[in-house]
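Only one structure is covered here, and it is reproduced in the block below.
Every read-out reported here was derived from the displayed coordinates using simple, explicitly stated rules and does not represent laboratory data. Since the model is a prediction, treat every value here as computed from it, not as a measurement. Please note: Cβ atoms are built from the backbone with ideal geometry, for glycine as well, and neighbour counts cover all protein chains shown.
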Amino acid sequence: MKAKTESFMSELDAVMVESRRSQGCAVSTIAFEMTPEDRQDLSLALANPKYTSKAIQMVLTKRGYSISPTPVGRHRRKECCCENW
C-alpha cells in the first residue's frame, strides 16, 4: 500500500479542476479555431460592454459556430471553466 500524501477527495478535486481547465469553455474553444486576427477582434468585443453577449453570439453563429449567449456571458464575467485565452 502506498503512503497517502493528501486525501482522495482533494486529489480528485484537483484532477477535476485541471480537466475543466484543459477543456476550456465554448468561447475559448471557438477562439482557438479562429484566425489570430478574428481571435483578437473577439477578445476586443468581449471586453467592450458596447457589444452584448447576444450580438457576439449572433455573429459567431452566422460564421458557423454553434454557441448560445449564455456561455458568452459566462466567459465575459470570468465564470467559465477556462483560463482566459
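Observations on the structure shown:
- Close contacts from the range 48-71, counting a first residue that is over 14 Å from residue 38 (Cβ atoms) and a second that is in a loop (DSSP other than H, G, I, E, B), with Cβ to Cβ under 8 Å and a gap of 6+ residues or different chains, come to 57/67; 57/68; 61/67; 69/52; 71/25; 71/80.
- Restricting the range 26-37 to residues that are part of a helix (DSSP H, G or I) and touching a residue at least 24 places away in the same chain (Cβ under 8 Å), the residue that is surrounded by the most Cβ atoms within 10 Å (Cβ to Cβ): 27
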